[in-house]
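The values are calculated or read from the model by the stated rules, or taken from the named source; none is laboratory data. Since this is a predicted model, take the numbers as computed values, not measurements. Cβ coordinates were reconstructed from backbone atoms using ideal geometry, including for glycine residues, and neighbour counts include every protein chain displayed.
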Amino acid sequence: MLFSAQRNYDKAITYIKKALPIRKRSDSMDYAISLNNYGYFLYRKKRYDEALELLDSSKIYLGSHMKLADANNYISLIYNKQKHHEKALAIQKQSLAIYKTNEKLERVANTFKNLAITSRKLKHYNDVIKYQDSSQRIAQRHGNKKLIAVLYKERYHIAKSQKKYELALKHHQTFKKYEDSVFKTNKFETIKLLELKYNNEKKAITDSLNYEANKAQ
């Protein structure tokens, strides 16, 4: 997972291959999660057929568990890459039902967003608006500005493709407003982390110097 976070998927695949036989001997849920991860790494490497095979295998072990939706999400990403948008839409609807059953509202909001994007690719514009509105209602309730920004960016692209330029401009301005807000929040959090790191390092140096002084004394 560390190499995956660094986008070094070749290394990630090397280690997940070592993990799989060990996990297969223990908990089936852990094994299914590893299969999901392996499938995702292969998706990132654009090895779509191999990824689909692994993700389908993971679903056998997942049963009705909520993690089944994670496998579906990766599969829908592949279907969209392969331009099988109808298949992607169907499987995203399955994920939506799972998240609703488990009352995972943040994931419901993101799945509505994914449904809107896939519906746009199919030019089902009435469905797009319905899914976007559903996603935004939840996002606003939870203060998810990043998701709201994505939704307005999508609205901008749709209005532009339909030559509704005034509406497109309005949506783009709203998108930028939310995007700037997210950027400022992230920048503030980064500065706070740097300050924390600096203070910790300064304390560690002071403690070390005090220890050496006491030792010498």
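So here's what we get for this one:
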read-out: Helices (runs of 4 or more DSSP H) (entirely within region 1-84) containing at least 3 residues that are more than 23 Å from residue 97 (Cα to Cα); value: 2-5, 9-24, 28-44, 48-62
read-out: Region 45-71 residues that are without any contact (Cβ under 8 Å) to a residue 12 or more places away in the chain and at positive phi, paired with ones that are part of a helix (DSSP H, G or I) and among the charged types (D, E, K, R) (beta carbon under 6 Å, 6 or more apart); value: none
read-out: Any pair with Cβ under 8 angstrom, 6 or more apart, that starts in region 106-128 at a residue that is part of a helix (DSSP H, G or I) and ends at one that is at pLDDT below 95 and among the aromatic types (Phe, Trp, Tyr); value: 107/99; 108/99; 111/99; 119/125
read-out: Criterion (more than 23 Å from residue 118 (Cβ to Cβ) and at pLDDT 75 or above) met by exactly one of 149, 213, 204; value: 213
